[in-house]
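> Provided herewith is a single structure, encoded as structure tokens, for subsequent inquiry.
The values are calculated or read from the model by the stated rules, or taken from the named source; none is laboratory data. Being a predicted model, the structure only gives us computed values, none of them experimental. Note that we place each Cβ from the backbone using ideal geometry, even for glycine, and neighbour counts take in every protein chain shown. Protein only, heavy atoms only, side chains kept; ligands, DNA and RNA dropped before computing areas. Shrake-Rupley method; radii C 1.70, N 1.55, O 1.52, S 1.80 Å.
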Amino acid sequence: MTDLTGKFFWYELMTSDPEAAIAFYGDVVGWTAQSFGGERTDDPYHVVSGSAGPMGGIMRIPAEAKDCGMSPWWGGYVGSADVDADAQRLADAGASVKRSPDDIPGVGRFAVMSDPGGAVFMLLKGSSPDGMDAAPPMANGHVGWHELYSGDFDADLGFYTSQFGWGKGEAMDMGPMGSYQLFSMSGGTEFNEMAGGVMPQPEQMPVPQWLFYFVVPDIDAGVEKVKAGGGTVLNGPAEVPGGAWIIQGLDPQGAMFALVGMRSAAA
């Protein structure tokens, strides 16, 4: 099994309409979904799978979070060997604890954190001794790229590289938008090891946040499915280094997501 400590490995959508979201992403990304209800048989947690197996979940926004103003959003879990110790260590390094370490029965122990710039992520240690294997690069239905719209570029970059051991690759100049810093979660510095990028939070972005790019086999087909399913394409398709194409969009419930894939020769 892959050592997922310090790496994003599970992705979760909290939404106002899980059934509609499952239908939308099932068509756009190709996920299959299976209920993992536990005691919540009336409103279960839905595990979604891509071509290489389970990669995340979809759930309804909890009532207490909705009352606090939570809107639909995608969050990511970083693997932890000791959630309590890591939450304290990260807080000492400039992060904030948004929800103290707690147990999810039958799943594991987690905590909700925000980085120095304010973007939210979660820590998770599974309760089972059996780990997960990382999906192959660009596996359909899995996350092919991680992008941080940073509220404090220098502090956040230093935080993730020092606390999680992430490596820095090339930094690309985006003019007035600032620098786009490539990073690996393996600690490597070569282009083929890069797993995402960090950039300053754009003015039109309401809050600092992580954005996850789901892999599709054909970006143009993905765009048409987003539109047909009631989603909104905010940007793209745009070509990126390596020959892939990307879009950023909103799903029908308002959660921001992104797609990455190749373009057919006929496009």
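> What is the pair-distance distribution P(r) of region 98-190, computed from all Cα-Cα distances in 10 Å bins starting at 0, with each bin given as a whole percent?
It works out to 13, 35, 38, 12, 2, in whole percents.
> Moving on. To make sure I understand the rule: partners must be lysines, Cα under 21 Å from the Cα of LYS66, and not fewer than 8 residues away in the same chain. Which ones qualify?
Within the straight-line limit of under 21 Å, LYS66 reaches these lysines: LYS98.
> Then there is this: Leaving ligands, DNA and RNA out of it, report the carbon-plus-sulfur percent of the accessible area of the chain at a 1.4 Å probe.
The nonpolar share, carbon plus sulfur, comes to 52 percent.
> Over the Cα atoms of region 142-262, each weighted equally, I'd like the Debye log10 I(q)/I(0) at q = 0.10, 0.19, 0.21 Å⁻¹, rounded to two decimals.
Each listed q corresponds, in turn, to -0.31, -1.09, -1.27.
> Using a cut-off of 12 Å between alpha-carbon atoms, which aspartates and glutamates can reach LYS227, once sequence neighbours fewer than 8 places away in the same chain are excluded?
Answer for LYS227, where 12 Å is the Cα cut-off: ASP27, ASP251, listed by chain and number.
> Another question, if that's okay. Add -39500 (n - 2.57) for each DSSP H run of 4 or more in the chain, then divide by its residues: what number comes out at 222 nm, to the nearest 500 deg cm²/dmol?
Taken over the chain, the calculation gives -5000 deg cm²/dmol.
> With a 10 Å cut-off between alpha carbons and a GNM built on the chain, which of GLY94, GLY242, GLY222 moves the most?
GLY242
> What translational diffusion coefficient, in µm²/s and rounded to a whole number, does the Stokes-Einstein relation yield for region 28-107 at 25 °C and a viscosity of 0.890 mPa s, taking the hydrodynamic radius as the Kirkwood radius over Cα pairs?
My calculation gives 162 µm²/s for D.
> Also, quick follow-up: Specify the residue with the greatest mean-square fluctuation among ASP67, ASP156, ASP82, computed from a Gaussian network of the chain linking alpha-carbon atoms under 10 Å apart.
Maximum among the listed residues: ASP67.
> I would also like to ask the following. Based on the Cα gyration tensor of the chain, what are the three equivalent ellipsoid semi-axes, each the root of five times an eigenvalue, rounded to whole Å and given largest first?
After scaling each eigenvalue by five and taking roots: 25, 24, 18 Å.
> Related question: What value in Å³ per residue do you get for the convex hull of the alpha-carbon atoms in region 206-267?
Hull volume over Cα atoms, normalised by residue count, gives 86 Å³.
> Rg and Dmax in Å for region 163-206, alpha carbons only: what are they?
My reading of the Cα-based Rg and Dmax gives 11.6, 32 Å.
> Tell me the label-point distance for the pair GLU19, MET174, using the 7 Å Cα-to-Cβ offset, in nm and rounded to one decimal.
Inter-label distance under the simple model: 3.9 nm.
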